[in-house]
C-alpha cells in the first residue's frame, strides 16, 4: 500500500492525506456552506463563485444602467472564466501536486533515516495551508489592494467615485476582492510548494544518476508544470480580457500594453518554473558523483576490452569477436553511462515548459486574430511552410 503523506493522526479524518487541496478561501467557503469537510465540490463552488462575482455585476449593468461601469469584456474574463477556473484548479492542479509529493516516498527517493523530516515538512505545509491566519491575511491583502487601486481616484477627485454605478461598486467591494483572494490563495500554495520542495531537496535524496529520465529519478516533478497549466491559463485570461477590450476599441494595441502582456506572461511562467530550481544543486551534485563513479567504471571496462581484443597479439577472426559477449555488454554499459552525461540541470523537460507557455498564450489567440489581418497571418504562415 502507498505510504501516506504524514504520520497517522490519533483521530484520522477522511482528508488526512490531502495537502494542496486546502488554502484560502477554504474556511470562508465552509462558513457560507459552499463546501463542507471531506467534500471538495469544486464544480459547485466554481458555479457559486461565478454567481457571486459575475452575475450581479452583469445584472446590475442591465437593470441599473448609467454612471461609470466596469468593462464588460474584463468582467467576463475575470469573473466568468478566471475565477471559476481558480476554484476548479483545486481539483485539477492541487490534487496532482499532492500526488507528486507522495511520489517521493513511493519512488524510494527519501532515505529511511530522513522519513521523519519528510513527514515533518509535509505536516508543516498542511498546517500552513489550513491556517485561518493566512486566509485572513489573504482577504486583508485583497481589500488593501482594492483600496490602493482606488487611492489615485480619491487623490485627484471624488467625482469619479460618486459617478460609479451599482455594478461598479459591486465589482470593487465583492467581485474583485473575491478574485484577488483566490489569486493570493494560489500564490500562497506556490510559496508553500516551493518551501516544501526546498525542504525535500535537503534530505540527501537517493538519486540514480543513470535514470533514463535524465533527472536522476526526479523527472516526475516536472509534471507540476502541467498541473499548473490551468492556473496559468486563468491568470493569463485576466490580463487578456483587458487587452481584448483595447483591441476591440482601437483595432490596435499600444506598445506599452504589448510589453505589459509579454512581461505578465513571462512572469506567470517563471512563477511556476522557479520552485523546481531548488533541485539544481542536488542534480549538479548527482552529476558530479555520477561522472566520477560511472566514468571510472566505464574506463576500467574499456581497458579490459582493449587489452583483450585490441592489444592482444592472438589471431582472432572477426566472426569470433562478434560472437563474444564482451562487445554487447560494453555497448549496454555505455548506453547506461551516457544517461549520466545527459543529466539535466533542472528536472523539467522542454515539452513541459512549452505546455505551460501554450496555456499562457492561449487566451491571447483571439487578440492576435483580431488585431492582425488574416492576410498577414497567411503570408507569414506561407513563408514558414514554403
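Among 383, 17, a tally of other beta-carbon atoms within 10 Å of each Cβ gives an order, fewest to most, of 383, 17. Working from label points 7 Å from Cα in the Cα-to-Cβ sense, the residue 55 to residue 132 distance is 2.9 nm. Annotation: peptides 221-232, 133-144, 90-101, ranked by per-residue average of other Cβ atoms within 10 Å with the highest first, follow the order 221-232, 90-101, 133-144.
Annotation: the residues 368, 87, sorted from fewest to most other C-beta atoms within 10 Å of their own C-beta, follow the order 368, 87.
Quote the FRET efficiency, to the nearest 0.05, computed for residue 169 versus residue 270 with a Förster distance R0 of 30 Å and r equal to the Cβ-Cβ distance.
0.30
Each Cα pair under 8 Å and six or more residues apart adds its separation to the average, and for the stretch 94-231 the resulting relative contact order is 43 percent. Each label was represented as a point 7 Å from its Cα along the Cα-to-Cβ direction; for residue 44 and residue 257 these points are 4.1 nm apart.
If you plug the beta carbon distance of residue 354 and residue 147 into 1/(1 + (r/R0)^6) with R0 = 30 Å, you get a FRET efficiency near 0.15. Exposure proxy ranking for 192, 173, based on other Cβ atoms within 10 angstrom of each Cβ and starting from the fewest, stands as 173, 192. Each residue, residue 92 and residue 249, gets one label point 7 Å from its Cα in the Cβ direction; the gap between the two is 3.0 nm.
Readers should treat all values here as calculations from the given coordinates under stated rules, not as data from a laboratory. These numbers were taken from a predicted model, which means no experiment stands behind them. Methodologically, a virtual Cβ is constructed for each residue, glycine included, from the backbone with ideal geometry; neighbour enumeration extends over all protein chains shown.
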